[in-house]
Amino acid sequence: MNPTPNAQRIKTQLLIWWILWASILAGQVLVYLLIARGKPLPAPASADFLRNLMGFVPLFLSIIIRWLVLPRYTDPQRALVVFIMGLALAESCGMLGIFLGGPYRDALFLLGVLGVFQYLPVFARKFFEPKASGFIPNN
């Protein structure tokens, strides 16, 4: 029972999705542990409030991409590009939190990690399943 070449190709492409997701998540956690962990949080200043919460903008865009844009794609190559863009935006929330978050550093990092977790590639298999064509009656 050898798997078909098409099944092996699909498995390899799905592995690429998982590797990208895991490496971005691991990189974000490593940057946090090596740079920000253990340093005291600064006192909040009202003048820096908007700069400290700048990470919410890319996180919001990432959520829109994940739940409104990505499900509309049917081509795996184009969906992979959108997947990477959304991952990068979710990661940027955590990175902006680490470097510019001030007193909100830990919260923005955690939101960035949760933003990356929403891209867990369990949904990617649907891009590689054969699409039904023709008349499909209601069941």
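Kindly express, to the nearest 10 degrees and within the range 0 to 90, the angle between helix 76-100's C-alpha long axis and the longest C-alpha principal axis of the chain.
10
Looking only at 96, 114, 33, which one moves most when the chain is put into a Gaussian network model with springs between Cα atoms under 10 Å?
Top of the fluctuation ranking is 33.
Can you give the local net charge around residue 106? Use residues other than it whose beta-carbon is closer than 13 angstrom to its beta-carbon, Lys and Arg +1, Asp and Glu -1.
Local net charge: +3.
Please quote Rg/Rh for the chain to two decimal places, taking the Kirkwood radius as Rh and restricting both calculations to Cα atoms.
Using Cα coordinates only, the ratio equals 1.13.
Once you list every other residue whose beta carbon is under 15 Å from the beta carbon of residue 71, what net charge do they have if Lys and Arg are +1 and Asp and Glu are -1?
+4
About its Cα centre, what dipole magnitude does the chain give when the only charges are +1 on Lys and Arg Cβ and -1 on Asp and Glu Cβ, stated in debye to the nearest 20?
260
Values in this text are rule-based calculations from the coordinates and carry no lab data. Just so it is clear, the structure is predicted and the values come from calculations on it, not from any experiment. Cβ: placed from backbone, ideal geometry, glycine included. Neighbour counts: every protein chain shown.
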